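Everything below concerns the one structure shown next.
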Amino acid sequence: MKTSFVFIVVALLALLYIVSGRSIRANETALSQSAKHESPFACNAFALSPEVRKRHFENLGPSLLKLTKSRRELPDGYEFELPADNKTYQLLTEWAFQERLCCPFFDIDLRFDREGGPLWLRLTGRSGTKEFIKEEFDLASSR
């Protein structure tokens, strides 16, 4: 009786080990496939509500472009220097939060330099992102 009980317990443990191993591999595969998903290089303005879209494209973007002091070219994007004041920071964080919805392929970083230095917006991403930014920036500059 004890032998059959031990056998059943060992068999159940082995079955659980096999099933959990398959489950882990299935989760790893699903995670790997979802990590490979890449959004197209296109702004999906409809990811924003009509009110937010209007503010994003007609107010925030143009205001931040006017406030831009300089830009640096990076291997995978650009970095934009902005004034390090509270108003600019608020505009920038609002813009960045919305931008990640309509352009999910961007890596967006905001940084304050030490000792009262400038505020930097860094837009980077996978191959092709830099060209997208350049085209959009040049289009916006010519308006």
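The values are calculated or read from the model by the stated rules, or taken from the named source; none is laboratory data. These numbers come from a predicted model, not from an experiment. Backbone-built Cβ (ideal geometry, glycine too); neighbour counts: all protein chains shown. Accessible surface areas use protein heavy atoms only, side chains included; no ligands, DNA or RNA. Shrake-Rupley method; radii C 1.70, N 1.55, O 1.52, S 1.80 Å.
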#### Entry: Lys87 - accessible surface, heavy atoms, 1.4 Å probe, Å² rounded to 10
140 Å²
### Message
Distance between the C-alpha centers of segment 83-143 and segment 38-72? Whole Å please.
### Response
9 Å
### Message
I need the peptides 131-138, 117-124 ranked by packing, meaning the mean over residues of other C-beta atoms within 10 angstrom, with the highest value on top.
### Response
117-124, 131-138
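Multiply the residue separation of Asp76 and Phe41 by 0.36 nm, subtract the distance between their alpha-carbon atoms, and state the gained length in nm to one decimal.
Gain on extension, Asp76 to Phe41, equals 11.2 nm.
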### Summary
Calc'd 3J(HN,Hα), segment 105-115, phi into Karplus 6.51 cos²θ - 1.76 cosθ + 1.60 (θ = phi - 60°), Hz, glycine/Pro = x, comes to 7, 7, 9, 10, 10, 10, 9, 9, 6, 5, 6
### Task
Once you have the Cα-Cα distance between Lys69 and Arg53, take 0.36 nm times their residue separation minus that, and quote the gain in nm to one decimal.
3.3 nm
### Message
Quick check: pseudo-label points 7 Å beyond the Cα along Cα→Cβ at Phe112 and Ser127, how many nm apart are they?
### Response
3.9 nm
### Query
Along the charge dipole of segment 44-143, which of Leu101, Phe57, Asn44 sits closest to the positive end, that is, farthest toward it, with unit charges on the beta carbon of Lys, Arg, Asp and Glu (+1, +1, -1, -1)?
Phe57
